[in-house]
Structures are given as C-alpha cells and as structure tokens.
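The values are calculated or read from the model by the stated rules, or taken from the named source; none is laboratory data. Please read all numbers here as calculations on a predicted model, not as lab measurements. Note: ideal-geometry Cβ built from the backbone for every residue, glycine included; neighbour counts use all protein chains shown. Only protein heavy atoms, including side chains, enter the accessible area calculation; ligands, DNA and RNA are left aside. Shrake-Rupley method; radii C 1.70, N 1.55, O 1.52, S 1.80 Å.
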Amino acid sequence: MLTESDLVRYGRQILYTDFGEEGQRRLKQSHVVVAGLGGLGSASSVYLACAGIGHITVVDGDFVELSNLNRQILHWEEDIGERKTLSAVRKLAKLNPSVEVTPLFERITPSNVGGIIEGAHTVIDGMDNFETRFILNSACVGAGIPFIHAGINGLLGEVTTIIPRKTPCFACIFPQGLAEEGAIPAFGVTPALMAALQVTEAVKLLAGFGDLLAGKMLYFNGETMEFTVVDLVRNPECSVCGF
Amino acid sequence: MSVTVRLQLLLSQFADGQEVVEITADNNIDCLNNLTAQFPGLRRWLFTKQGEVATYVRLFINRRQASVDAELKDGDELLILLAAVGG
C-alpha cells in the first residue's frame, strides 16, 4: 500500500503512463540484491533506493580505500577504513529512510550465495571479477532469479539482463572462466552509466513494462560515444543452463 | 570470402588505429589468424600463449554472437569485442 508520502516522493515516476501507482506498489514489494559496492554497486544502490525498491540487500566484504573514491560514489573520504556495507547503509538510510537496507559484510562464495540471494526478485551485478559473477549466475539460474549483469573497463561498458532458462546465461556468453589481470582502468562515469542502465532494467522488470536487454548485450564506448546492441545466443550445452 | 572486421576501440590501437579492416577468411578462426598476421600487435589480445582464442574475446557475425569456428560469408561483418571485467 502506498502512503501519502510515497505518492509525493515518487509522484514524478508515478506520472509515467506505463508505470503508475501499480508500478510503484510493485517496486515497494520488491527485494533486490546488489552484489558488490564498488563503482557499479554504489551507483545502482543509490538509484534503487531513490526509485523506492522496498528492500535492498547490499553485499560486499571489502573496506573503503582512498583509491575507490574516484568512482565509488557511495563512499566518501570520511569512510576510509570503514566496511563498505556500513558506509552504504548510512548513506542509503539518509537518502530514503522508507527503504529497508540489509548489509551483508561477506565475500560471495558457492557456499553462501544461496542464502544471500534467497527471496530476491532480482540480483544486480556489481562485481569486479568474473569468478564471483559465475557463482552468482549459477545460483540465480538455479533459483530462477533474474541477474542483471554489467562490467566496465576504462570508458567501455556492457549490460545485459539474464532471465533464467529464457535467455543466454552468463556461462553461455563466457563458457570458461577468465584470467584476471590486476587493476582495471576505471573512470567514475562509466560504472555510473552502466549502473543507471542496470536500474532501468530492474525497474522495468519489477514493475512489468517495457522491453529488456534480455538475450541482448548493450556495449558502450565512451571514447566514441557509441552504443552497440548485439544478440546473444544460448548454448544448448551450457554447463549452467543447458537443457 | 571477404569480410569486414570491426574492432573495439581498445583493439583498434593495435591495428594502426583502424576500427574497420577488410579480411579474407572462410571462418572466424581463419579471420582472427589472418587479422593478427596483418597486425601482430593484436595477437596477445586475441589469443592465449597456447595459441587458443582467449575466453574474454567475443565474436559477433552481423551483430549475432558466434562461435570461434563459425563460417563466414562474403560481405559478413565480424565484430570483435573484449569482455569488460571491472566494476
């Protein structure tokens, strides 16, 4: 049920014809897990809270460092040395006190991922490595929870929405794991932009309107300002979602 | 077959700054080999030290995801992108 305050706070998005009060009610009843509170997760959790997602779980096992501050907008200089989850909860609670935020200060592993995503309506990828993305993908496919992936490198970014058993999953796109290669170049604006697109996908998915990047990957090139959308193909022999 | 290879910006700097290159090849792996023969600086981005196509390389024929051994037709566009790992 929307309160008088909700109707005022979210009034501008409620005006959107395909969304309306019903869309807002759906967001209020939704639970979204933000996996990782780096550049992507900082921006996505802010926009999820602003949009009025009823329950947001933020997951990260790291502490805030000075080198994070060019892009991880949820963490400020005063937070250096603090748990990222605590830094996030403090800001999000001030931004929108009506949103329930659950902090989980832990690294995502195959053994704890099931508990982390249990009951979620969607999971937002805010990771900075492929190993954890594979763990999240497998768990989301197994539990039937949509997984909204994004990644960045410098001024390059990518976004896709994975709907279990309907679209190619992360393992269809990357049949094998990737070797990590140390620190990756990152401006603040690239994860911010990709996170905004992730939340756009989440809002449409949860409220039930619009078209999703389902089975499609959107690539962004910030140096040439090109957006490219390509079709992804499901792998019938995929070890995660193959049938 | 003559195909148009479109390179992501990161890769084009290793192809004399060209984002679009015409290559003759019958399939994707031939195309990558011919491309890297022409621009050796690309090889370390596209292949592992063991000579296999790196797993973070993604290939799209006419904007549709394609496997390494997919066949190419005259006039096809092969888009080569690298995974964006960071967050």
Charge tally for neighbours of A:L37 with beta carbon under 14 Å away, counting Lys, Arg as +1 and Asp, Glu as -1, is -2
Charged-residue dipole, Cβ positions (Lys, Arg, Asp, Glu), segment A:4-231 about Cα centre, Debye nearest 20: 560 debye
How compact and how long is the protein assembly as shown, expressed as Rg and Dmax of its alpha-carbon atoms in Å? 20.6, 67
Kindly flag which residue pairs out of A:K94/A:K166; A:K91/A:K166; A:K28/A:K94 have an alpha-carbon separation exceeding 28 Å in this structure. A:K94/A:K166; A:K91/A:K166
Enumerate the amide H contacts of B:V53 below 5 Å, restricted to partners 5 or more residues apart or on another chain; note that Pro and chain-start residues carry no placed amide H. B:T48
Given a cut-off of under 8 Å on Cα pairs at least six residues apart, what relative contact order in percent is computed for segment B:2-82? 39 percent
Spin-label point model (7 Å from Cα, Cβ direction): what's the B:N34 to B:T55 distance in nm? 3.0 nm
For A:H75, net neighbour charge (Lys/Arg +1, Asp/Glu -1) across residues whose Cβ lies under 12 Å away: -2
Please list A:R25, B:R44 in order of solvent-accessible area, largest first, computed with a 1.4 Å probe with all protein chains present. B:R44, A:R25
Relative contact order for segment A:1-143: what percent, with Cα pairs under 8 Å and sequence separation of 6 or more? 27 percent
Could you order the peptides B:69-81, A:113-125, A:195-207 from most to least packed, using the average number of other C-beta atoms within 10 Å per residue? A:195-207, A:113-125, B:69-81
With unit charges on the beta carbons (Lys and Arg positive, Asp and Glu negative) and the dipole taken about the Cα centre of segment A:158-243, which residue among A:F174, A:A214, A:Q198 sits farthest to the positive side? A:A214
Sequence order, segment A:113-130: Karplus ³J(HN,Hα) from phi using 6.51 cos²θ - 1.76 cosθ + 1.60, θ = phi - 60°, Hz rounded, Gly and Pro as x, gives 4, x, x, 5, 9, 4, x, 6, 8, 7, 10, 9, 7, x, 7, 10, 8, 7
Candidates per GluC sites (Glu not before Pro) in segment B:1-57, loop by DSSP, up to 16 other Cβ within 10 Å: B:E19, B:E52
Heavy-atom SASA rank of A:L104, A:L95 (probe 1.4 Å, accessible area, largest first): A:L95, A:L104
Listed by chain and number, the residues whose amide H is under 5 Å from that of B:V5, excluding neighbours fewer than 5 places away on the same chain and using placed H, are B:V21, B:E22, B:I23, B:L78
Percentage of interatomic Cα-Cα distances in segment B:2-82 larger than 21 Å: 15 percent
If DNA, RNA and ligands are ignored and the probe is 1.4 Å, what is the ranking of B:F39, A:F209 by accessible area, most exposed first? A:F209, B:F39
Quick one: which of A:158-169, A:213-224 comes out on top by average Cβ neighbours within 10 Å, and what's the full order, highest first? A:158-169, A:213-224
Average partner coverage of A:214-226, which counts Cβ from other chains inside 10 Å: 2
A:W76 accessible area, nearest 10 Å², 1.4 Å probe? 130 Å²
Shielding of B:75-86 by partners, i.e. mean partner chain Cβ atoms within 10 Å per residue? 6
Using a simple spin-label model with points 7 Å from Cα along the Cα→Cβ vector, what separation in nm is obtained for A:F209 and A:N112? 3.8 nm
Please build a GNM for chain A, connecting alpha carbons under 10 Å apart, and tell me which residue among A:G36, A:G54, A:G182 fluctuates the most. A:G182
Once you put a point 7 Å from the Cα of A:M1 and another 7 Å from the Cα of A:F187, both along the Cβ direction, what distance in nm separates them? 4.8 nm
Please turn the phi angles of segment A:95-103 into ³J(HN,Hα) values with the Karplus equation 6.51 cos²θ - 1.76 cosθ + 1.60 (θ = phi - 60°), one per residue in order, whole Hz, x for glycine and proline. 5, 8, x, 7, 8, 7, 10, 10, x
Hey, how many Å between the Cα centroid of segment A:1-40 and the Cα centroid of segment B:11-87? 42 Å
CD proxy at 222 nm, helix term only [per DSSP H run n ≥ 4: -39500 (n - 2.57); per residue of the protein assembly as shown; nearest 500]: -9000 deg cm²/dmol
Out of the chymotrypsin sites (Phe, Trp or Tyr not before Pro) in segment A:1-56, which ones are loop residues according to DSSP with at most 16 other C-beta atoms within 10 Å? A:Y16
